[in-house]
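Below you'll find the structure, written out as structure tokens, and then a few comments.
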Amino acid sequence: MTDTTLVEDMLNDQAHHIEFNGHLTNHVKHAVVALAGLGASPGKIKAYYDNYARLTPYGYGLEAPKRSKHTITEDNWKHFLGRRTSYGSYCDFFDRRQKELGTDALLQQYLPELLAGWVGAFTHATIHLGWALDIQSRWMTIEGLAYMVFSDVSCHPERAFRSEHLRDTCAQDSLLRIAGEWEKNHAALHAWVEALVADTAVGIAAGIHPELARSGLQYRIARMSAQGHPLIYELPTWIDTQDVTVSWEQLYEVTTLLYLAQPGDFVLLHLITSLHAMEQISLHLPAAQRRDVVRCFWVGILCILFSRGTFPSATTLARLRATYRDAVDGDVLPEGQEDWERIIARAVEEEEEHNPKMVYVLRRVWKRTGRRSLYRIAASHFTTTPELPKTFEEAPHE
């Protein structure tokens, strides 16, 4: 068996459900992509895979596939968006359709319906799909599409409107403007968010799946995505006017500045890894649709950020932007700063798979942006597995 075949076999494995203990995402294939991209040996990746399946960092093992309640067809595939049902049957459906259409045509036919729901499962369904496309895994791509349907939570990009009065010239300007609004109105915005998410019964009655109430985090995101806020939907002109490739580069800087403002923050890390996924997805869509992916990402990350009831400081973000705007790594780093070799060595030993994923993405961006120091320094700040809330003592809602 070749090294490549061993990695492919892990990505093709169908022995486990996409989630465990209710709505916790099975991340193991994301780790395979990241570890392979960082140069870990297939044997080491396989050991990680087997250990994760036996006992995840959350203290639970992966679960066997679940029986589907519905048979999914072309006629009914939209009926169960976000209803967390029949994942296996959705895999069967997209498997058949991929054989009929090919991967790119499959994505172009079904993604327009699914992109609005990309924040579902705390972005992990989107990560599953985008990272599958990165490594060109057919079966993982099928799983990603099925998981996007299963976990769909719309951030309602259709509510967005273009605002001509905004003077933002780039994504970084927009981030600082919104952070400034939070800084000026923090008490009122925080109180509004906490009141919005306080009564889970209201959100469930409005259509949020009751399983998400066990999460806390996913419920907050779903509730904010359903409600929204004018600052989320007021679109700056750069989204519609500048080249999409420029927008992606600016968004990498935006998400990395956010992460550096609160180093190691578990939620902010996901903005980086999901951005990579969304960019990979956009590359498989016609040029005319790629701007829609940028728009969905912008609206979605604001829903995630607002759902926290707080926002990284505008002052801190502005300082970080000024510090790293022109900073580029030379051949010799300043004393005390970690180089990529040491960062990667730490990452491939991590049990918490979010860390090698972050390192994998930021190293790619560092290379393609002329070795900007911002990305290496952010990659050196690892996260830890969060403690689960007491709601996990309750049984999952199937």
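The values are calculated or read from the model by the stated rules, or taken from the named source; none is laboratory data. What you see is a predicted model, and the numbers here were worked out from it, not measured in a lab. Neighbour counts run over all protein chains shown; Cβ positions are idealised from the backbone, glycine included.
From 323, 310, grab the single residue that is within 24 Å of residue 382 (Cβ to Cβ), in the same structural domain as residue 258 (by TED's automatic domain parsing), of a type in the set (S, T, N, Q) and more than 18 Å from the chain's Cα centre (by Cα).
Among 323, 310, only 310 is within 24 Å of residue 382 (Cβ to Cβ), in the same structural domain as residue 258 (by TED's automatic domain parsing), of a type in the set (S, T, N, Q) and more than 18 Å from the chain's Cα centre (by Cα).
Given 277, 179, which one is in contact with a Ser or Thr (Cβ under 8 Å, 6 or more places away or on another chain), surrounded by 17 or more Cβ atoms within 10 Å (Cβ to Cβ), more than 17 Å from residue 308 (Cα to Cα) and of a type in the set (Gly, Ala, Ser)?
277
Whether any residue in the range 212-220 is in a helix (DSSP H, G or I) and without any contact (Cβ under 8 Å) to a residue 40 or more places away in the chain is what I want to check.
Yes, the range 212-220 contains at least one residue that is in a helix (DSSP H, G or I) and without any contact (Cβ under 8 Å) to a residue 40 or more places away in the chain.
Residue 203: outside any helix (DSSP H, G or I) and under 17 Å from residue 84 (Cβ atoms), yes or no?
no
Please go through the range 78-119 and pick out each residue that is assigned to a helix (DSSP H, G or I), among the small types (Gly, Ala, Ser) and within 12 Å of residue 146 (Cα to Cα).
The answer is 88, 89.
Is it true that residue 343 is surrounded by 15 or more Cβ atoms within 10 Å (Cβ to Cβ), under 16 Å from the mean Cα position of the chain (by Cα) and β-branched (Val, Ile, Thr)?
no
Which one of these does residue 262 not meet: (1) over 25 Å from residue 117 (Cβ atoms); (2) touching a residue at least 60 places away in the same chain (Cβ under 8 Å); (3) in contact with a helix residue (DSSP H, G or I) (Cβ under 7 Å, 6 or more places away or on another chain)?
Every condition holds for residue 262 apart from (2).
Helices (runs of 4 or more DSSP H) wholly in the range 1-63 with at least 3 residues that are farther than 25 Å from residue 91 by Cα and of a type in the set (Phe, Trp, Tyr) - which ones?
none
Considering only the range 331-367, how many residues are in contact (Cβ under 8 Å) with a residue 12 or more places away in the chain, of a type outside the set (S, T, N, Q) and over 30 Å from residue 61 (Cα atoms)?
7
Kindly establish whether residue 56 is surrounded by fewer than 18 Cβ atoms within 10 Å (Cβ to Cβ) and not charged (D, E, K, R).
Spelling it out, it is not the case that residue 56 is surrounded by fewer than 18 Cβ atoms within 10 Å (Cβ to Cβ) and not charged (D, E, K, R).
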